[in-house]
Amino acid sequence: MARAARSADVFNAIAEPRRRRIIGLLGDTRARPVADVAEFLRLPQPSVSKHLGVLRRVGARLGHPARAAAAVSPEPEGAQTRERLGKAI
């Protein structure tokens, strides 16, 4: 059984500048292909996927892309998570 994310986990996750940029990029709630996020951040797609996975593990409500061409966006019920993560930045 997975454990709930602790506050320290959330702060460690958002301490990474690239993850904060991903949060900012997805903050407008518009779905974006993972490849577009990778291109915008000038990172390899696998790296972006890894960062998205870390954010999901600490409670960020992001869509779950099945492949590199899939779009990611904050889920509607993730507004509180985005607000909480945004305040922590």
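The values are calculated or read from the model by the stated rules, or taken from the named source; none is laboratory data. Everything quoted here is computed from the prediction, not taken from an experiment. No Cβ is skipped: glycine too gets one built from the backbone with ideal geometry, and neighbour counts run over all protein chains shown.
Quick notes on this structure:
- The range 33-52: number of residues that are closer than 16 Å to ARG20 by Cβ and either surrounded by fewer than 15 Cβ atoms within 10 Å (Cβ to Cβ) or in contact with a Cys (Cβ under 9 Å, 6 or more places away or on another chain) (or both): 4
- VAL54 being at pLDDT 60 or above, β-branched (Val, Ile, Thr), part of a helix (DSSP H, G or I) and touching a Lys or Arg at 6+ places or on another chain (Cβ under 8 Å): yes
- For the range 22-50, the tally of residues that are of a type in the set (Lys, Arg) and at pLDDT 90 or above stands at 2.
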